[in-house]
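The numbers here are math on the coordinates, done by the rules we state, and not lab data. Predicted model, so just to flag it, every value in this text is computed and none were measured. Quick reminder, even Gly has a Cβ in these numbers, built from the backbone with ideal geometry, and neighbours come from all protein chains shown.
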Amino acid sequence: MKINYIYLAIIVVFLSSCSTRKYSKNNKKIEKAANKANNNTYKSYNTLSYIDEFKTVAVEEMNAYGIPASITLAQGILESGSGNSDLAKYANNHFGIKCTSDWKGKNYFRDDDQKNDCFRVYKDARESFKDHSEFLKRKRYSALFQLDKNDYKSWAQGLKQAGYATNPKYPDMLISTIEKYQLYQYDQSETEKQKIAREDRVFTEINQNIPQEKAKFTPVETPPPGAKPILADGTYTVVKGDTLYNIAKRFNISIDDLKILNNMTTDGIKLGQVLKVK
């Protein structure tokens, strides 16, 4: 029995190594394409040059949807290290937005909430800023769009209350960044008529998004090392690191339906167990 466990451990380590190599190979491909597009010369930013580079698109997004330009810029500064993180350099991803089930673009992997989390790759930084607005246009953040578009303090607090970040100091970090670099100068007021027209437009889009929110905004579950694809008969074999929850999430099925399919009365699963997933 002990020998079997040792053998199993060796297999798991081997499969984990293979999985890591796969993600590394993918990233190198993305990095090679980015290096080619930039002639192996990346623009190095300090915070002031980052602001100067992206203030225009932040203002455009503010005027379209009401997200203060100061909030967008401050989030970009904090999330991307003022544009100098690998995710920003190679994937043009300035806000750490992850892959979702409806994402059709390329992927870049790095450790975050879990090992080898999947992040979106954009064709340019401008696309990342626009997707940041799309990311916020959903039910959980809807109350924020009723705020004035120059009310950065309420936006900072509201983002935390809506669950944007787990760090309890996140609002203070945003406000501190905004005030240190005077980002509020890019925020603009609006008349009551303009505010009503903007709210009508934004809430129409948010309501249209609600039926697709799960696909549009729930990050894909990165399979654990050694995870196998669904077989032709619609079954999946449990590997180390699996839970009933992440299997259900990965294959877009509810836990209750997964249990019914497999005549299960508890949430417990075992290594090597074969489950029907469709």
Correct choice for Rg and Dmax of the Cα atoms in Å that was computed from the model, options (i) 20.5, 67; (ii) 21.9, 75; (iii) 17.6, 55: (ii)
Amide H of residue 100 versus every other amide H placed in the peptide plane: which residues, excluding those fewer than 5 positions away on the same chain, fall under 5 Å? 220
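Rounded to the nearest 500, what is the 222 nm mean residue ellipticity of the chain from helices alone, with -39500 (n - 2.57) per DSSP H run of 4+ residues and division by all residues? Don't skip to the answer; put the middle values down first.
Working: 11 runs with 143 residues, N = 278.
Result for the chain: -16500 deg cm²/dmol, rounded to the nearest 500.
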Could you sort the peptides 200-208, 151-159 by per-residue average Cβ neighbour count (10 Å cutoff), highest mean leading? 151-159, 200-208
Rounded if a/c is under 1.5, else prolate if a/b beats b/c, else oblate: with a ≥ b ≥ c from the C-alpha gyration tensor eigenvalues square-rooted, which is region 118-189? rounded
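Tell me whether region 55-132 comes out rounded, prolate or oblate; compute the Cα gyration tensor, take square roots of the eigenvalues as a ≥ b ≥ c, and use a/c under 1.5 as the rounded threshold. Walk me through the numbers on the way to the answer.
Values: a/c = 2.05, a/b = 1.60, b/c = 1.28.
Prolate, since a/c reaches 1.5 and a/b exceeds b/c.
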Under the Karplus relation 6.51 cos²θ - 1.76 cosθ + 1.60, θ = phi - 60°, what is the ordered set of whole-Hz ³J(HN,Hα) values for region 253-266, x standing for Gly and Pro? 9, 6, 4, 4, 5, 5, 5, 5, 4, 10, 6, 9, 10, 10
The chain: angle of helix 125-136 to the longest principal axis, Cα-based, in degrees nearest 10: 80 degrees
Modelled FRET efficiency - R0 41 Å, residue 48 with residue 194, Cβ distances, 0.05 increments: 0.85
What's the extension gain from residue 179 to residue 251 if we count 0.36 nm per residue and subtract their Cα-Cα distance? 21.5 nm
